[in-house]
Amino acid sequence: MPTFASLREIAIYEKVSYYSLLLEDERMSLFEKFLDTYRNSEFRNDLQHIMYWIQYMGKNHGAKAYFFRKEQDAEALPPPGKILKIEHIKLRLYCCVLSENVVILLDGGVKTASKAQNCPNVGPSFRKANRISIALTKCIQQKTLLLKDELNNRLQFIGANEIEF
């Protein structure tokens, strides 16, 4: 059964605009639920690292590919270890990078297996992120979702403000 979602603006920085998805009949976006789950948990330091990179990219460099872990059709934060240069971070935030200026922040969890797709914690978020990424790519190809203007880093729906995945 398909799931429907709409975009919710999360943060607009000089270099990157961040959005998340609001599932039908939900009050919080996927990203807001992720924050709510981990902000006061034992993984709050991991979350702080992820939030640092979101702000750092947004203010300084844009969403360059090397800041993300490639997860099949989706991406994840924090950046790979060669970029981090700190202790191992177990928390993952899945996202869809539509351009260096537009990122969709989704959800995630604590990775406890070597491969995300085999992890009982992040496997469902990994699979969802990949379905969403494919759906967003299809919307862009069909021109029902436009990267409106590279100068203001915004998204614009043509027609219904919905994504089906």
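Each reported figure results from applying straightforward, stated rules to the coordinates on display, with no laboratory input. Computed from a prediction, not measured in an experiment: that's the story for all the values here. Please note: Cβ atoms are built from the backbone with ideal geometry, for glycine as well, and neighbour counts cover all protein chains shown.
Observations on the structure shown:
- Charge-dipole axis of the chain as Lys and Arg at +1 and Asp and Glu at -1 on Cβ define it, positive-most pick from Ser125, His49, Asn101: His49
- Each principal axis of the Cα cloud of the chain was taken in turn, and the coordinate range along them, longest first, works out to 45, 39, 27 Å.
- A full extension of the chain between Asp73 and Lys143 corresponds to an added length of 23.3 nm, given 0.36 nm per residue minus the alpha carbon distance.
- Cα centroid separation, segment 1-22 to segment 37-53: 20 Å.
- Cβ crowding within 10 Å ranks Ser133, Ser114 as Ser114, Ser133, fewest other Cβ atoms first.
- Furthest towards positive pole of dipole, Phe34, Ala76, Ser20, structure part segment 2-152, Cβ charges: Ala76
- Residues Cys96, Cys119 arranged by fewest to most Cβ contacts within 10 Å: Cys119, Cys96
- Working from Cα pairs under 8 Å separated by at least six residues, relative contact order for segment 4-164 is 22 percent.
- Around the Cα centre of segment 4-164, unit charges on the Cβ atoms of Lys, Arg, Asp and Glu (plus for the first two, minus for the last two) sum to a dipole of about 520 debye.
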